Amino acid sequence: MTSVAEEIGDRIVGILPRLRRFARSLSRNQHDADDLTQLVVERALRNQEQFREGANFAGWMYGIMKNAWIDDRRARGRRAEVALPEDSGEHPAVTPDDANTSLWAVSEAMGKLPEEQRLAVALVLVEGMSYKEAAALLEVPIGTLTSRLARGRTALAAALGDPP
């Protein structure tokens, strides 16, 4: 018989790749995304009693991540920190020559989207959330989410050289 803590831990392990991908969409920097993901896992484990059985676990985790990211941005603003330059896309273990070039192009194009469009695209198109789930997570009406998603898709198509 597994304990509630073990069950939450297993669920976190299962969603970890999706959390890291969403963190990367938020921060646009691999190192900040890793730090954000670690913070979210810590908060989820520390506050696991707040999760209501039967609720959407992924939605709960994405909500923690969004709030942690907002907290971090506010703290950086108060400290007047200067963010590191945007990740160039170059990673020591992987180069564009090693990976699928189209994936690098999409990642780069996503990074250039305005934040609200990038988040809508990341949640709906990358993470597969429903419009209703994504709108609730972002705390916007579905119509606003739909508009951001449409503008994001158009911008991605233009950046990738596809006709709109």
Using θ = phi - 60° and the Karplus form 6.51 cos²θ - 1.76 cosθ + 1.60, what ³J(HN,Hα) does each residue of segment 5-18 get, whole Hz, x for Gly and Pro? 4, 5, 5, 4, x, 5, 5, 5, 4, x, 9, 3, x, 5
Which ordering of 49, 127 is given by a fewest-first count of other beta-carbon atoms within 10 Å? 49, 127
Which of 57, 22 has the fewest other C-beta atoms within 10 Å, and how do the rest follow up to the most? 57, 22
So how do 24, 18 line up by other beta-carbon neighbours within 10 Å, fewest first? 18, 24
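Laboratory data are not the source of any read-out in this text; all were calculated from the coordinates shown. Because the structure is a prediction, the values reported are computed rather than measured. Cβ atoms come from the backbone with ideal geometry, glycine included; neighbour counts cover every protein chain shown.
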